Amino acid sequence: MLPTFSQFVATLGAFAPMLLHGVWITLQLALLSLLLGLVLGLLGAGAKLSGVRTWRLCAQLYTTLIRGVPDLLLMLLIFYGLQTGLSRLTAWLGWAYIDIDPFSAGVLTLGFIYGAYFTETFRGALLAVPRGQFQAAKALGLTFRQSFVHVIFPQMMRFALPGLGNNWMVLLKATALVSIIGLADLVKVAQVAGKSSQQLLAFLLLAALVYLLLSSASNLILGWLERRYAGGVQEPSR
Amino acid sequence: MMELIQEYWRPLIYSDGYQITGLAMTLWLTSASLGLGLLLALPLSIARTSAHRWLRWPVQGYTYLFRGTPLYIQLLIFYTGIYSLAAVREQPLLDAFFREALNCTLLAFALNTAAYTTEILAGAIRAMPRGEIEAARSLGFDGWKLYVHLIMPSALRRSLPYYSNEVIFMLHSTTLAFTATVPDILKVARDANAATFLTFQSFGLAAVLYLSITFALVGLFRLAERRWLGFLEAGR
């Protein structure tokens, strides 16, 4: 039977704390994976553009393998694989059993996967910054760290942001996969609430709506960031 | 490892003895949803770029909904959500359709890829050089003829690089099918893992299969771009 709206609102009240917690888990998962992915992406882009051949090869292998294999497969491989590997290691060392929780596995996997996509985005953006900027920073006597933080990074972000924005949108939606390895995120919670209240469709649609709100909010923030980092470039033409 | 391959190569590639499984199922899911999605996206992309708001806005709403939410939730809605309604189960036709996991999966995948493809094609239609359209008009092309002979062939060619991304994305998304009990490559790998505890080997075999399909698709699209996008190179 189709639940009436008032019935749905009544059940919604009962499940609200659970659902809010699910949204919070999803947000944490997405933001922590974003952080890990950004760090890996910067390191990967550095390795791809470095003069050392081994690093270039490693980074190439990383991005090719990760982007050629489905994210869900990698997630299962890392979740089950890490668990088996760790339990063998702890048994061999005689330590206590270490359990990997789905949240850490999710952050590690999503960060690791999207790090490969961020690597490509950052690589392209770094190449778009004119070489003269590196040389000018060096000529002014800035250290490598100073020239990266104050000269290269702000300029690179302008080129990287559209790509990063796309990657973030894909990452945000990929967090839904982590419910498959048992994390009580928004999707899982909506399923549980829907099944126990016999209003599965309504709760699934609600979860979809939350994702829609999150992506719309991301769009607004990304637009603001893009305007901010484009500031120095647009000013002359105003 | 050899035992694992001996026992599981058949379901991994084409059949477990009862139904199509593994690689064959993954390829079928990918091509069927892409085919349906493209068929749907052709008219929708024209509507998306239409001058009429009542044509443009509904399509924009559709792509916004399907691109703004995870495919996994869409699959859950089509597979479990809709069938949980008694009204659907009481209708013989709807009941027959939504009872089959494969139907729900294909419907969700096709609607999802159609939304992305619509935006890709609409972008290519908008990027058509005005001069080409004016030239065609001056030669007497008008209305649907303009679309059939000029705009759509050109838009399809120009969107090839973006569409290749979508195809690989769709291939990777088909792994979700196992959550709806459809026996694709990942489902077989999971069964192998559960039965043998050879985690790295089971998922590794599946990963090799997916990597091979990805590389084959990338190669095919490179050939296709050389064949159908060559005319853009000449102008440079």
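Considering the stretch A:66-81, the residues that are within 7 Å of chain B (Cβ to nearest Cβ) and in a helix (DSSP H, G or I) include one that is surrounded by the most Cβ atoms within 10 Å (Cβ to Cβ), namely A:Leu76.
Within the stretch B:68-85, being more than 10 Å from A:Leu205 (Cβ to Cβ), in contact with a Lys or Arg (Cβ under 9 Å, 6 or more places away or on another chain) and within 7 Å of chain A (Cβ to nearest Cβ) holds for B:Gly68, B:Pro70, B:Tyr72, B:Thr80, B:Ser84. Those residues that are of a type in the set (Phe, Trp, Tyr) and either crowded, with 18+ Cβ neighbours inside 10 Å or modelled with pLDDT under 90 (or both), I need them from the stretch B:184-218; list them, please. Within the stretch B:184-218, B:Phe197, B:Phe200, B:Phe203, B:Tyr210 qualify.
Just one of the listed residues (B:Thr118, B:Thr181, B:Thr113) is modelled with pLDDT under 90, touching a helix residue (DSSP H, G or I) at 6+ places or on another chain (Cβ under 8 Å), away from every other protein chain (no Cβ under 13 Å) and under 30 Å from B:Gly22 (Cα atoms), and it is B:Thr181. Here B:Met25 meets the list (1) crowded, with 18+ Cβ neighbours inside 10 Å; (2) over 23 Å from the mean Cα position of the chain (by Cα) almost entirely, failing just condition (2). Evaluate the stretch B:63-74: report whether one residue or more is at pLDDT below 90 and outside any helix (DSSP H, G or I). No, because not a single residue in the stretch B:63-74 is at pLDDT below 90 and outside any helix (DSSP H, G or I). Does A:Val69 satisfy the condition of being at pLDDT 90 or above and either touching a Pro at 6+ places or on another chain (Cβ under 8 Å) or farther than 30 Å from A:Ala202 by Cβ (or both)? For A:Val69, the condition - at pLDDT 90 or above and either touching a Pro at 6+ places or on another chain (Cβ under 8 Å) or farther than 30 Å from A:Ala202 by Cβ (or both) - is met.
Out of B:Leu55, B:Leu34, B:Leu40, one residue alone is farther than 17 Å from B:Ile185 by Cα, more than 14 Å from chain A (Cβ to nearest Cβ) and crowded, with 19+ Cβ neighbours inside 10 Å. It is B:Leu34. As for the stretch A:189-204, it holds at least one residue that is within 14 Å of chain B (Cβ to nearest Cβ) and under 29 Å from B:Asn165 (Cβ atoms).
Residues of the stretch A:9-37 that are buried (at least 18 other Cβ atoms within 10 Å of the Cβ) and farther than 23 Å from A:Ser104 by Cα: A:Thr11, A:Phe15. Return a yes/no flag: does the stretch A:200-211 have any residue that is among the hydroxyl-bearing types (Ser, Thr, Tyr), touching a Gly at 6+ places or on another chain (Cβ under 8 Å) and surrounded by 20 or more Cβ atoms within 10 Å (Cβ to Cβ). Scanning the stretch A:200-211 turns up at least one residue that is among the hydroxyl-bearing types (Ser, Thr, Tyr), touching a Gly at 6+ places or on another chain (Cβ under 8 Å) and surrounded by 20 or more Cβ atoms within 10 Å (Cβ to Cβ).
Across the stretch A:92-109, the qualifying residues are those that are of a type in the set (A, V, I, L, M) and within 14 Å of another protein chain (Cβ to nearest Cβ), and the one among them that is nearest to B:Leu209 (Cα to Cα) is A:Ala105. Each residue in the stretch B:89-115 was checked for being crowded, with 18+ Cβ neighbours inside 10 Å and free of Cβ contacts under 8 Å to residues at least 40 places away in the same chain, and 3 of them qualify. From the list B:Ile46, B:Ile5, B:Ile82, the one residue that fits, being of a type in the set (Val, Ile, Thr), in contact (Cβ under 8 Å) with a residue 12 or more places away in the chain and surrounded by fewer than 19 Cβ atoms within 10 Å (Cβ to Cβ), is B:Ile5. Identify the residue in the stretch A:177-216 that is in contact with a Ser or Thr (Cβ under 8 Å, 6 or more places away or on another chain) and part of a loop (DSSP other than H, G, I, E, B) and, among all such residues, is farthest from A:Thr11 (Cα to Cα). Result: A:Asp185. Looking across the stretch B:100-143, the residues that are assigned to a loop (DSSP other than H, G, I, E, B) and within 30 Å of the chain's Cα centre (by Cα) come down to B:Glu100, B:Ala127, B:Met128, B:Pro129. In this structure, B:Phe169 does satisfy being within 30 Å of B:Ala101 (Cα to Cα), assigned to a helix (DSSP H, G or I) and modelled with pLDDT of 85 or more. Condition check: under 27 Å from A:Pro70 (Cβ atoms), in contact with an Asp or Glu (Cβ under 9 Å, 6 or more places away or on another chain) and modelled with pLDDT of 90 or more. Does B:Arg48 satisfy that? It is false that B:Arg48 is under 27 Å from A:Pro70 (Cβ atoms), in contact with an Asp or Glu (Cβ under 9 Å, 6 or more places away or on another chain) and modelled with pLDDT of 90 or more. Residues in the stretch A:164-182 that are more than 10 Å from chain B (Cβ to nearest Cβ) and surrounded by fewer than 17 Cβ atoms within 10 Å (Cβ to Cβ): A:Asn166, A:Gly182.
The values are calculated or read from the model by the stated rules, or taken from the named source; none is laboratory data. Quantities reported herein were computed from a predicted structural model and do not represent experimental measurements. Glycine also receives a Cβ, built like all others from the backbone with ideal geometry; neighbour counts cover every protein chain displayed.
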